[in-house]
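The values are calculated or read from the model by the stated rules, or taken from the named source; none is laboratory data. As the structure is a computational prediction, the values presented were derived from the model and not from experiment. Counting neighbours? That spans all protein chains shown, and the Cβs are built from the backbone with ideal geometry, glycine included. What goes into the accessible areas is simple: the full protein's heavy atoms, side chains included, and nothing from ligands, DNA or RNA. Shrake-Rupley method; radii C 1.70, N 1.55, O 1.52, S 1.80 Å.
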Amino acid sequence: TRSQWSPAIHLRRLFELGVQYHSAGSVYYMDQNLHKKIIKGIAFWVKEKPTSLNYWWKAIGTPILMGGILVLFEDDLDAKIKNEGIEMMKVGVRPDFYDYHGPATGQNLFWLASAHIYASVLSEDIEGLRRAFDAISNQIKITRKEGIQPDFSFHQHGNQLNSYAYGRNYAITAVQSLFLSEGTVFEFPNEKKEIISDYILSGLQWMTRYDWIEYTAIGRGIVRPPFNRGPLLSSIKKMMEIDGSRREEYQDFYQRLSGNKDKEPLMGNRYFWRSDLMVHHRKEYYFSIKGASDRILSGESGNGENIKGFFLGNGTHFLIRSGNEYSDIFPVWDWRKIPGALCEQKSEPIPIAHWGKGARGNTSFVYGLSDDTYGVFGYDYQKSGVKAKRSWFLFDNEIVNISSGINGDSLYQSINQCIAHGPTWPQEGVHKKDLGRTKVFHDSVGYIILPGDQNVEISTEKQTGSWNKI
């Protein structure tokens, strides 16, 4: 696919083999047969220059992977191959800016500057190094454009929450740059280190429950292979050295993100007002609500990814206890009934928000209020012909969701759509609301629906699906 470009697997393997060749504890340490094959692999890439339909691979992906490989073997390469490889790393380097469909910002700039660091090291270009590190340092800032927001959420591709997509890579690249420059003439000012610490600990950390990651912060990556926590965990370990004043906080985050359930979970409520997201942490669970005002985009589709994600982030919510509630569920989801969704049930295809088209909210009143312990979230909801006043109230053991003024045809209010775990009571079927409130129990959660003229439907059945279709 355009995002998971298969030729890149070869480059990643070359890099991993290069690391093994140079690692004293490896069975491949200084293996001359392996060395010949790696050099041959590098020569192949430099000569053939495989190209993806996705420009990102030419400008960013290939240059960064190639940079790491050439640094490992620069003393063993023919000068012509080395120089051609260096030029492959400078696709986005312009005299006055880094170019990615115009002047790059946020993580795209970070990636291009990182490739420039590799190229500058290989060509012994001190001014190139200075420029690349300065570009990264200058991009570490609080902004209302693309990058770290005032509430420590992260935007990329416009006003769109991307904390665990571009924003995760932003944190990894920033920490790597801080680590590399420490103690050199390129060392970053303390204020830059403080911004990254606040972003990781007050932003990224709060969008997780142990090793589970907030789905609405992953962007198009929700349909990609399982999330790789390794690079971020490595970055957290580096920050323990870089910012010793917050070492214990980093250690706690590291333990939780590693999946250590013996570590006490976060406790509290956070409202990310720049991204219309509220997260609620308790010892027994995590709950999040994501809206989309006219200030932001709810998400995007692109490169054939997130094809059915049009309603995600539009009044959707997630309830997490074990972390396995939605594991690999996305191909079999009914994407008009994702958790929290208020949608008309139509047979026609779900609209596609191509690079964010149609994903901006329609109303300004999408607001939350938090005292860091409890939270309330209000949503003047308008989406695809459906209107409603919606609100959530987040307490200790209870989440209250109230809607009024609902307007639309053939509507479903989805309360949850997760993987069945243990019995459900009552059993599946349609339950009439003529005997007062309805109670449903599943997986240690009780759902109490107040009296009204609507029916409650419970379904537990095997479903099939395809990653390709989403």
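How many residues are farther than 15 Å from Lys290 by Cβ and either open to solvent by 20 Å² or more (accessible area, probe 1.4 Å) or assigned to a loop (DSSP other than H, G, I, E, B) (or both) if we restrict to the range 309-330? Working first, answer last.
Start the filter on the range 309-330 by keeping residues that are farther than 15 Å from Lys290 by Cβ, which leaves 321-325, 327-330.
Filter again for either open to solvent by 20 Å² or more (accessible area, probe 1.4 Å) or assigned to a loop (DSSP other than H, G, I, E, B) (or both), leaving 321-325, 327-329.
Qualifying residue count for the region: 8.
Working only within the range 190-199, note down all residues that are open to solvent by less than 10 Å² (accessible area, probe 1.4 Å) and farther than 9 Å from Ala174 by Cβ.
Step one: of the range 190-199, the residues open to solvent by less than 10 Å² (accessible area, probe 1.4 Å) are 196-197, 199.
Once the filter is applied, which keeps residues that are open to solvent by less than 10 Å² (accessible area, probe 1.4 Å) and farther than 9 Å from Ala174 by Cβ, the range 190-199 yields only Ser197.
Scan the range 179-237 residue by residue and report those that are among the basic types (Lys, Arg), out of contact with any Asp or Glu (no Cβ under 6 Å at 6 or more places or on another chain) and at pLDDT 95 or above. Steps first, answer last, please.
As a first pass, look at the range 179-237 and keep what is among the basic types (Lys, Arg): 192-193, 209, 220, 224, 229, 237.
Filter once more, so that each one left must be out of contact with any Asp or Glu (no Cβ under 6 Å at 6 or more places or on another chain): 192, 209, 224, 229, 237.
Listed by number, the residues that qualify are Lys192, Arg209, Lys237.
The conditions are (1) under 22 Å from Val46 (Cβ atoms); (2) aromatic (Phe, Trp, Tyr); (3) open to solvent by 40 Å² or more (accessible area, probe 1.4 Å), and Phe97 fails exactly one of them. Which is it?
Of (1) under 22 Å from Val46 (Cβ atoms); (2) aromatic (Phe, Trp, Tyr); (3) open to solvent by 40 Å² or more (accessible area, probe 1.4 Å), only one is false for Phe97: (1).
Exactly one of (1) surrounded by 14 or more Cβ atoms within 10 Å (Cβ to Cβ); (2) under 27 Å from Lys283 (Cα atoms); (3) out of contact with any Asp or Glu (no Cβ under 7 Å at 6 or more places or on another chain) is unmet by Cys418. Its number?
(3)
Limited to the range 251-265, what total is found for residues that are aromatic (Phe, Trp, Tyr) and either open to solvent by 20 Å² or more (accessible area, probe 1.4 Å) or assigned to a strand (DSSP E or B) (or both)?
So the answer is 1.
Inspect the range 369-380 for any residue being touching a Lys or Arg at 6+ places or on another chain (Cβ under 9 Å) and within 24 Å of Asn324 (Cβ to Cβ) and give the result as yes or no.
Looking for residues that are touching a Lys or Arg at 6+ places or on another chain (Cβ under 9 Å) and within 24 Å of Asn324 (Cβ to Cβ), one finds none in the range 369-380, hence no.
Answer yes if at least one residue in the range 126-144 is closer than 20 Å to Gly61 by Cβ, open to solvent by 50 Å² or more (accessible area, probe 1.4 Å), at pLDDT 95 or above and in a helix (DSSP H, G or I), and no otherwise.
Going through the range 126-144, the residues closer than 20 Å to Gly61 by Cβ turn out to be 132, 135-136, 139.
Then drop every residue that is not open to solvent by 50 Å² or more (accessible area, probe 1.4 Å), which leaves none.
Among the residues of the range 126-144, not one is closer than 20 Å to Gly61 by Cβ, open to solvent by 50 Å² or more (accessible area, probe 1.4 Å), at pLDDT 95 or above and in a helix (DSSP H, G or I), which makes the answer no.
Which residue out of Gly203, Gly158 is touching a residue at least 40 places away in the same chain (Cβ under 8 Å) and either in contact with a Cys (Cβ under 7 Å, 6 or more places away or on another chain) or open to solvent by less than 10 Å² (accessible area, probe 1.4 Å) (or both)?
Gly203
Any residue at all in the range 214-223 that's touching a Leu at 6+ places or on another chain (Cβ under 8 Å), of a type in the set (Phe, Trp, Tyr) and closer than 21 Å to Gly291 by Cα?
yes
Does any residue of the range 427-436 turn out to be open to solvent by less than 80 Å² (accessible area, probe 1.4 Å) and among the β-branched types (Val, Ile, Thr)? Even if it seems obvious, please write down each step before you answer.
Of the range 427-436, the ones open to solvent by less than 80 Å² (accessible area, probe 1.4 Å) are 429, 431, 433, 436.
In the following step, the residues that additionally are among the β-branched types (Val, Ile, Thr) were identified as none.
Within the range 427-436, not a single residue is open to solvent by less than 80 Å² (accessible area, probe 1.4 Å) and among the β-branched types (Val, Ile, Thr).
Enumerate the pairs (first residue in the range 66-89 and more than 17 Å from Leu34 (Cα to Cα); second residue anywhere and among the small types (Gly, Ala, Ser)) with beta-carbon separation below 6 Å, excluding pairs fewer than 6 apart on the same chain, so at least 6 apart or on different chains.
Within 6 Å, the pairs are Met66/Gly85; Gly67/Ala115; Ile81/Ala43; Ile86/Ala119; Ile86/Ser123; Met89/Gly67; Met89/Ala115; Met89/Ala119.
Restricting the search to the range 312-327, which residues are aromatic (Phe, Trp, Tyr) and within 19 Å of Met267 (Cβ to Cβ)?
Phe318
For the list (1) surrounded by 11 or more Cβ atoms within 10 Å (Cβ to Cβ); (2) under 25 Å from the mean Cα position of the chain (by Cα), I need the number of the one condition that Asp372 fails.
In the conditions (1) surrounded by 11 or more Cβ atoms within 10 Å (Cβ to Cβ); (2) under 25 Å from the mean Cα position of the chain (by Cα), Asp372 misses (1) alone.
Report, by residue number, each residue of the range 266-297 that is more than 13 Å from Phe395 (Cα to Cα), in a loop (DSSP other than H, G, I, E, B) and open to solvent by less than 20 Å² (accessible area, probe 1.4 Å).
Ser275, Asp276, Gly291, Ala292, Ser293, Ile296
Considering only residues that are in contact (Cβ under 8 Å) with a residue 24 or more places away in the chain and either within 14 Å of the chain's Cα centre (by Cα) or surrounded by 21 or more Cβ atoms within 10 Å (Cβ to Cβ) (or both), which ones fall in the range 227-242?
Correct list: Phe227, Arg229, Pro231, Leu232, Ser235, Ile236, Met239.
Among the listed residues Lys36, Lys49, which satisfies the condition of being farther than 28 Å from Arg224 by Cβ and not hydrophobic (A, V, I, L, M, F, W, C)?
Matching residue, one of Lys36, Lys49: Lys36.
Go through the range 1-27 and give me each residue that's hydroxyl-bearing (Ser, Thr, Tyr) and surrounded by fewer than 16 Cβ atoms within 10 Å (Cβ to Cβ). Show your work before the answer.
Just the residues of the range 1-27 that are hydroxyl-bearing (Ser, Thr, Tyr), to begin with: 1, 3, 6, 21, 23, 26.
Of everything in the range 1-27, those that are hydroxyl-bearing (Ser, Thr, Tyr) and surrounded by fewer than 16 Cβ atoms within 10 Å (Cβ to Cβ) turn out to be Thr1, Ser6, Ser23, Ser26.
Among the candidates Gln427, Gln463, single out the residue that is assigned to a loop (DSSP other than H, G, I, E, B) and modelled with pLDDT of 85 or more.
Gln463
Go through the residues of the range 30-50 one by one and say whether even a single one is within 30 Å of Ile222 (Cβ to Cβ), under 26 Å from the mean Cα position of the chain (by Cα) and surrounded by fewer than 18 Cβ atoms within 10 Å (Cβ to Cβ).
No: zero hits.
Starting from the range 457-469, take each residue that is closer than 20 Å to Tyr412 by Cα and list its partners that are outside any strand (DSSP E or B) and open to solvent by less than 100 Å² (accessible area, probe 1.4 Å), counting only C-beta distances under 8 angstrom and pairs at least six apart or across chains.
Qualifying pairs under 8 Å: Ile458/Pro426; Ile458/Glu428; Ser459/Glu428; Thr460/Ala420; Thr460/Glu428; Glu461/Glu428; Gln463/Val332.
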